[in-house]
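Q: Quick one: the structure is below, and I'll ask about it shortly.
Only the coordinates and a few stated rules stand behind these numbers; no lab work does. A quick note: this is a predicted structure, and the numbers were derived from the prediction, not measured. With ideal geometry, Cβ positions are generated from the backbone for all residues, glycine too; neighbour counts draw on all protein chains shown.
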């Protein structure tokens, strides 16, 4: 069951909606983080009409989410040009995800910096090795996933994939972006032999008011820059098929084993 179908089947509740996380969006004992975060963003967008574009999101993965969940949002502040909305995804065990979204309209500026170049030597979407549906977490078949760079002879703490959601019909572009943006394994995964991993926090900054690309393809990059005593930190970035940077972010990950 896709995200569009899940949102269409959701039941309105005070401040948001109730929904069921499908089994095929699970990642171990919890929902895939991008799916839960996308639902939280959808609840925030429904709370306040005519919001300006999303510019930043801070997500905390607090606990496991599965089955029936409530997705609620609360307006923190609405200024003349920016709005802050918090959201929670909860189940019978308590809070599983919290998020703060910042929506902001454009303002005049004399500063123009665009220094997020895509990796060199990219393969076009669909040209590299394709991740089989039966490899990786349970939600993998929800996406098309192709390696974006030739195979490396020496493992590095970095992953670059072309990714697109297989069913994105009717999704708001920012909700689609949130869904896709967390689809990579941790950047340090090529260096890990065994053991589960779990995202703890995620910050994503949008670099465009409207993510656009060809046929739904986005280039995702995760680069681990620290791993010690069970914790890893990574930088993240997303580009469209024209090589334009769409988003950048950071993530904190727990490593077990």
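Q: Once fully extended, how much extra length lies between residue 166 and residue 1, figured as 0.36 nm per residue of separation less the alpha-carbon to alpha-carbon distance?
A: Working it through step by step, the gained length comes to 58.3 nm.
Q: Right, here's the next one. Given labels modelled 7 Å from the Cα in the Cβ direction, how far is it in nm from residue 225 to residue 241?
A: Placing both labels 7 Å along Cα→Cβ, they lie 3.1 nm apart.
Q: Sort 62-69, 123-130, 182-189, 81-88 for me by packing, meaning the mean count of neighbouring Cβ atoms within 10 Å per residue, highest on top.
A: Values: 62-69: 17.5, 123-130: 14.8, 182-189: 22.1, 81-88: 19.4.
Top to bottom by mean Cβ count within 10 Å: 182-189, 81-88, 62-69, 123-130.
Q: Then there's this: Pop the C-beta distance of residue 48 and residue 112 into the FRET formula with R0 = 22 Å and round what comes out to the nearest 0.05.
A: Here the calculated transfer efficiency is 0.15.
Q: Relative contact order of the chain, please, whole-number percent, based on alpha carbon pairs below 8 angstrom and at least 6 residues apart.
A: 18
Q: Only helical DSSP H runs with n ≥ 4 go in: add -39500 (n - 2.57) per run for the chain, normalise by residue count and round the 222 nm mean residue ellipticity to 500 deg cm²/dmol.
A: Taking each H run of at least 4 residues, the total per residue is -3500 deg cm²/dmol.
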